[in-house]
Structures are given as structure tokens and as C-alpha cells.
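In what follows, a structure is listed as C-alpha cells, so that the remarks can point back to it.
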Amino acid sequence: MGTTHREPWNKGKIVGQKAPFKVKDIWALRVRLQMQGRARELALFNLGIDSKLRGCDLIGLRVRDVCHGDQVAARALVMQHKTERPVQFEITPATREAVQAWIKRAGLKPEDYLFPSRIHGSPHLGTRQYARILGRWVEELGLDPAEYGTHSMRRTKATLIYRRTKNLRAVQLLLGHSKLESTVKYLGIEVDDALEISEQTEI
């Protein structure tokens with residue numbers, strides 16, 4: 001009995017590449033979350049966009065990671081689990097306000113996880129829980145759930161910065177990538193274009 005040759009389903013495709021959120025979708029969701037008083041989700045969404053962290057790093061943040069004393073800091077430095085490399089990010093005023101409001105409402109202390117789980121036995125929000133929350137946001141915005149995932153959060157600000165500046169080196173630093181090739185692949189741009197841009201931005 002002969003075996004039937006089948007083409008891999010993912011041949012020629014970039015697997016797992018999720019679309020970044022558009023600016024209009026970011027503002028639409030922020031307004032919705034604010035109007036509905038969904039403080040935890042607003043803090044999670046804003047910080048996810050600002051930090052450009054992988055989901056596992058975002059949900060593992062503690063209050064002390066983003067606060068100086070009892071105030072949310074303008075910048076934070078976090079060690080990434082996957083690469084064990086530190087990455088720094090800016091926390092914008094709107095995000096600081098949202099995170100501060102969430103910390104106050106939840107009564108969180110410096111050593112507490114910023115997004116504690118509501119499931120008994122789990123110290124902080126899990127990756128599956130985070131993915132489900134994001135799926136609900138995508139649904140509420142009327143977007144295609146197949147095109148968006150937790151990496152959409154990580155890619156959003158990086159993509160916006162790249163489009164505005166065309167500075168690959170800066171985006172590489174912001175994402176905490178050790179290789180420029182990783183940033184090129186992550187942004188989904190052509191290698192030839194990337195090399196040309198890279199040469200133009202050399203100091």
C-alpha cells in the first residue's frame with residue numbers, strides 16, 4: 001500500500017505571525033474599557049502595548065517592577081524569561097494612570113503580582129487566560145480572531161515605531177532581540193529592504 005504525499009499545511013507561510021493592532025482599534029478598545037470600568041483589562045492592554053513584552057513576561061510582572069515607591073514609573077527594566085536579557089521600556093502617562101488605578105482598586109502591594117489570577121492556586125494571570133482576554137477584545141472590536149493573538153500586543157508599538165522612523169536598530173533594542181535578523185522576521189519586512197534601511201541608519 002503506497003503512501004500519499006501531502007504538502008505541509010504551513011508550506012510557504014509565516015506561521016504564528018499575528019497582525020499588530022491599528023491605532024484606531026487601540027483607541028476604540030481603550031474607550032470601551034474605560035467606559036465600562038474594566039480597570040484590570042485597561043491596565044493589561046495599555047501596559048502590553050507600551051512594554052512590547054512577550055505574554056509570559058507581561059503576566060509575570062510584579063508591582064515593584066513598574067513602580068518607584070507608590071508611584072508608577074515612567075520607565076521600567078525587566079529581565080526577559082526567554083532570552084534572559086534585560087529590556088527597558090517607557091510607560092506612557094495614560095498607561096501609568098491606568099496601572100495606578102488598577103493597583104489602588106485591587107489593593108496590591110509592591111511584592112504582589114500586577115495581574116493576580118482569579119483561579120485558586122495560580123499566583124498570576126496565566127498565558128491561556130491572557131489569550132482568552134485578548135480574544136474577547138478582538139471579538140469586541142469586530143476583528144478577525146485568526147489574524148490576532150497575544151503577539152499582536154508585542155508587535156503593535158514596534159511596528160508603529162518602525163513605520164515612523166524606519167530605524168531597525170532602535171526596534172531591535174526595544175524588543176530585546178539579540179539579532180537584527182530576528183527583528184526583520186518579526187516585523188515581516190523584506191530582508192533586502194531591511195539591509196538597505198540598516199545601512200542608512202548606521203552611525
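Computed from the coordinates by the stated procedures, all read-outs in this text should not be read as laboratory data. These numbers come from a predicted model, not from an experiment. Here Cβ is always computed from backbone atoms with ideal geometry, including for glycine, and neighbour counts include all displayed protein chains.
Observations
- The shape of the stretch 23-150 can be summarised by an equivalent ellipsoid whose semi-axes, obtained from the alpha carbon gyration tensor, come to 22, 17, 16 Å from longest to shortest.
- A simple rule links phi to the HN-Hα coupling: the Karplus curve 6.51 cos²θ - 1.76 cosθ + 1.60 with θ = phi - 60°, which for the stretch 128-142 gives 5, 4, 4, 5, 5, 4, 5, x, 5, 4, 4, 5, 5, 7, x Hz, with x for Gly and Pro.
- For the pair Arg164 and Leu77, the difference between a 0.36 nm per residue extended length and the Cα-Cα distance amounts to 28.9 nm.
- Spin-label model, Arg132/Lys22: points 7 Å from Cα along the beta carbon direction are separated by 3.0 nm.
- Scaled to the globular estimate 2.2 N^0.38 Å, the Cα spread of the stretch 87-137, given as radius of gyration, is 1.29.
- If R0 equals 35 Å, the separation of the Cβ atoms of Lys185 and Lys109 corresponds to a calculated FRET efficiency of about 0.30.
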